[in-house]
1. Which of the residues that make up segment 179-209 are in a helix (DSSP H, G or I) and under 18 Å from the mean Cα position of the chain (by Cα)?
2. For segment 164-174, how many residues meet the condition of being farther than 13 Å from residue 233 by Cα and either out of contact with any helix residue (DSSP H, G or I) (no Cβ under 8 Å at 6 or more places or on another chain) or not in a helix (DSSP H, G or I) (or both)?
3. Give the residue, chosen from 102, 119, that is surrounded by 21 or more Cβ atoms within 10 Å (Cβ to Cβ), under 17 Å from residue 237 (Cβ atoms) and touching a strand residue (DSSP E or B) at 6+ places or on another chain (Cβ under 8 Å).
4. Which residue out of 68, 61, 12 is modelled with pLDDT under 50 and surrounded by fewer than 20 Cβ atoms within 10 Å (Cβ to Cβ)?
5. What number of residues within segment 129-140 satisfy the criterion of being exposed (fewer than 14 other Cβ atoms within 10 Å of the Cβ) and over 15 Å from residue 150 (Cβ atoms)?
6. Out of all the residues in segment 76-99, which are out of contact with any strand residue (DSSP E or B) (no Cβ under 7 Å at 6 or more places or on another chain) and surrounded by 22 or more Cβ atoms within 10 Å (Cβ to Cβ)?
7. Taking the condition of being over 13 Å from residue 120 (Cβ atoms) and under 12 Å from the mean Cα position of the chain (by Cα), how many residues in segment 146-155 meet it?
């Protein structure tokens, strides 16, 4: 059995394995007045009586301006009802809202349900708009397959922007264990592929002034600027993907980047990002992000 299935009744996991302390640098100058605060992050099973609103809020962040295209309430219900796969990450108590969540949905098993049908249509369309021809060809075909020989796991993950990277590897590692346990129990989680839905962004020049608007319009169509990741581990995970690519949000507007400048000269234009990973490489991808996060923290 997976560790989370063996949790105590209050839903907390073994603190010696999955409880993480997050604090600042212990070193400090006597001149500094900065106070270091220790925060304990804990992972929990989904609880339909508690987690609906927290998951819905994070889904709204994940899909950004396109969130209005989905029935997020129905999608949130589906996620929290699937309480043996995936985790929420919280502070202090199970009853609090999630700071992060991770789950995987069986696209074949749930394809007739409205929220999954919406996701299939949306991701199939967006895959065609990426600059990766493999992604454009493979995703629509795989998601359209109804034979049962191809089973795609739709991986949804999001967290608050200021969450520490340490919370990520335990969430992914635990989900691997839970999927293995579910397959042993003959539950429908034996996937052939995983489609990870995430977010990225480009930095763009602010278009507040008329002069900058003119300069922006004069540029050639298409954005070839560097792609950055809201989830840094995505840069490592995509190395294990069959295909990966970014796409523009349907409801994106020119003013959205200015509204997300975060007190800097450059604006932030969010993009959707997806990675297609074969099941045989998924565990390796999860291990790689654990190594990546650990290495990043030690530098």
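1. Keep residues of segment 179-209 that are in a helix (DSSP H, G or I), which gives 179-184.
Listed by number, the list holds a single entry, 179.
2. 0
3. 102
4. After ruling out the rest, the residue left standing is 12.
5. First, the residues of segment 129-140 that are exposed (fewer than 14 other Cβ atoms within 10 Å of the Cβ): 131, 133, 137.
Those still in the list that are over 15 Å from residue 150 (Cβ atoms) too: 131, 133.
Residues flagged as exposed (fewer than 14 other Cβ atoms within 10 Å of the Cβ) and over 15 Å from residue 150 (Cβ atoms) within segment 129-140 amount to 2.
6. Those that are out of contact with any strand residue (DSSP E or B) (no Cβ under 7 Å at 6 or more places or on another chain) and surrounded by 22 or more Cβ atoms within 10 Å (Cβ to Cβ): 76, 80.
7. So the answer is 1.
The values are calculated or read from the model by the stated rules, or taken from the named source; none is laboratory data. What you see is a predicted model, and the numbers here were worked out from it, not measured in a lab. In this analysis, Cβ positions are derived from the backbone assuming ideal geometry, glycine residues included, and neighbour counts consider all displayed protein chains.
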